[in-house]
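Each reported figure results from applying straightforward, stated rules to the coordinates on display, with no laboratory input. Quick caveat: nothing in here was measured; it's all calculated off a predicted structure. For neighbour counting, all protein chains shown are included, and Cβ atoms are generated from backbone atoms with ideal geometry for every residue, glycine included.
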Amino acid sequence: MRYEYVEVHINRFLGAGSKEHRRLIDEYAAKGYRYVGFIPVNMTDYGKIKDVDLIFEIEA
């Protein structure tokens, strides 16, 4: 399998209301990738997630 990581920034204006993740998942699915999860890559001192990597896989 080959993996692609796409960073998504979560700011205070978009936050939980953001649809960017859905657009990216649909975009990669159309290319034959499968969404497998996310990893927080940047957090505030208080534990709020600021950036995540969406993880996609495809057969190599």
Set the Förster radius R0 to 25 Å, insert the Cβ-Cβ distance between residue 48 and residue 19 as r into 1/(1 + (r/R0)^6), and round the FRET efficiency to 0.05. 0.80
Residue by residue, what Karplus-based ³J(HN,Hα) values in Hz, rounded to whole numbers, does the stretch 43-60 have, using 6.51, -1.76 and 1.60 with θ = phi - 60° and x for Gly and Pro? 9, 6, 4, 9, x, 6, 6, 9, 9, 10, 9, 7, 10, 10, 10, 8, 5, 7
Relative to the longest principal axis of the C-alpha atoms of the chain, give the angle of the C-alpha long axis of helix 20-30, reported between 0 and 90° and rounded to the nearest 10°. 0 degrees
Label corresponding to P(r) over Cα pairs in 10 Å bins from 0, in percent when calculated from the structure given, among [x] 17, 35, 26, 16, 6, 0; [y] 17, 20, 18, 15, 12, 9, 6, 3, 1, 0; [z] 23, 49, 23, 5: [z]
Can you give me the long-range amide H partners of residue 51? Hydrogens built in the peptide plane at 1.01 Å from N, cutoff under 5 Å, separation of 5 or more residues or another chain. 10, 41, 42
So, R0 is 25 Å and r is the distance between the beta-carbons of residue 9 and residue 30; what FRET efficiency does that work out to, to 0.05? 0.65
Could you work out the relative contact order of the stretch 2-58? I mean the mean sequence separation of Cα pairs under 8 Å and 6+ apart, divided by the number of residues, in percent. 47 percent
Whichever lysines have a C-alpha closer than 30 Å to that of residue 31, once near sequence neighbours (fewer than 8 apart) are set aside: 19, 50
